[in-house]
Amino acid sequence: MRVLLPIVFTTIALTATSCIKSRIARETTCNAPNIVHEPSNAGLAGRSPQEYAWQLFVFLNRPADKMHPGEADVEKTFCDASNGERDLVWESWALASASEGSSDYSEVFRLYGATPLPWGGWKRSDLKVPLSAGNTISSEDIGEENSNIFPIPPSNNEEVRFNRTAYEDIVNSNMYNSDFVQKAIDNAGTNADSFMQFNADPENGTSAKEVKAGWLEICPGATLAGIAACLDSHRYYWRVIWNGSVPHFWGLAAMHIMTKDLNDWFWADFIHEDCLDSAVNSSPCKDFAGFYQSPPVEHEPRPETWGTQWTYYRLNGTMRFFGDGVMDGQGPFLANRVLEKLPSDKKSSCMFCHGYASAARTLAGGPPSNGCKRVQLNVMDQCSGAGTGIPDEQKFKYPAQDVVPGKSPEFLYLKSSFDWSIITRAHSSNTLPRSFPDNNKLTH
């Protein structure tokens, strides 16, 4: 169920000068640029990263074309992104997350490593329910026609989606199945340091993109009829989801955008102002207060966002290359407390963490024993640490004691082009996901 709720702004009577009145009028009137086509601009990303970040934000958060996932509704603009009314552009992209345990809601990494459907061929529904531990609705309750559910994975409240280019890159290279992933790694050349490449053609508007979003519950106890009385319903972009007849309101707290416009991707991170240090302890974001948050590059609302709920979102930072980012203490960092959940004493950056996204070749004697719980891959675990700069290349290489001169490849761990989803979400054709209930009801 989608609910359209107009954003309400209080008009304040002013007796100040006409200049002040004019300023107030501007700040309550949306004047965002009408960006109709998906931005892909390597030049702008390189020389004006903050401007490019906002171009992406404005485009991705405008209403999507109902019939063409990934495309904007040309009859609507960024200023028309009403809460709960319809999907935004990025929400219409292919869902990569929610392939956890008993869930089969991922449109990219399906159970049994099944082949994803052609772009836009997914079954979707307006029914939205929370997928939190201890508060779930079974597939029998939902029905086959409602197989795509609002994705709040257990425990982390995160959502990951790919644009069409990234989706088709994964499908065409068979990287949706962990068996194929392992085969690609094992068959890579002896000098190879990676096994996956995403399309990077910004001049033709076909760069791969990925969005990671973080949600938190707002307005607890509010009813649909009374939601307008809750201040946070005017300060967050939100969705309403249902547990039986009880509505729950989930606000967008963080949004991370990756684009393959640059060699090492372009990174833009946005966060709701409630989750910044000055407000976090008394806001809906208070549960994340103990995690590290890098200083945002912008502290004031952008003119593009005036008159909308987006005026409460800030550009946390951008990255274009290793070592780029915001100076905080000993080095440049970029971390979002809602998405990374780093301990307050462990600072890091998007690129440093994603730079370690890799999985190992199959060793003699069988697959490595320390694979991820959801896939049969030996995934390098470096995100729990902290750091900046460039990942240590030695960590990817064979241990010296295991090297067979003239036979051993140089690298044990091969990179997945900064993408963790491929190596942590893909399922095998041969192994059921753990904890999946009622396995006898499933078909391949």
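List of remarks:
- Residue within the range 402-413 that is crowded, with 20+ Cβ neighbours inside 10 Å, more than 22 Å from ALA208 (Cβ to Cβ), at pLDDT 75 or above and among the aliphatic types (A, V, I, L, M) present: yes
- Residue satisfying condition, being modelled with pLDDT of 90 or more and touching a His at 6+ places or on another chain (Cβ under 6 Å), within set ASP269, ASP274: ASP269
- All positions within the range 57-92 that are part of a helix (DSSP H, G or I) and in contact with a helix residue (DSSP H, G or I) (Cβ under 6 Å, 6 or more places away or on another chain): VAL58, LEU60, PHE78, TRP90
- Residue in the range 164-175 that is surrounded by fewer than 16 Cβ atoms within 10 Å (Cβ to Cβ), modelled with pLDDT of 90 or more and in a loop (DSSP other than H, G, I, E, B) present: yes
- When the range 179-229 is limited to residues that are at pLDDT 90 or above and among the polar types (S, T, N, Q), the one that is farthest from ASN243 (Cα to Cα) turns out to be ASN187.
- When restricted to residues that are assigned to a loop (DSSP other than H, G, I, E, B) and in contact with an Asp or Glu (Cβ under 8 Å, 6 or more places away or on another chain), the range 39-53 contains 2.
- Some residue of the range 283-299 being free of Cβ contacts under 8 Å to residues at least 12 places away in the same chain and either of a type in the set (D, E, K, R) or assigned to a strand (DSSP E or B) (or both): yes
- Taken over the range 284-312, the residue count meeting the criterion of being under 20 Å from the mean Cα position of the chain (by Cα) and small (Gly, Ala, Ser) is 1.
- Test: residue in the range 58-67 that is under 25 Å from LEU224 (Cβ atoms) and touching a Cys at 6+ places or on another chain (Cβ under 8 Å): no
The values are calculated or read from the model by the stated rules, or taken from the named source; none is laboratory data. Note that the coordinates shown come from a computational prediction; the quantities given were computed from them, not determined experimentally. Heads up, the Cβs are rebuilt from the backbone with ideal geometry, glycines too, and the neighbour counts pull from every protein chain shown.
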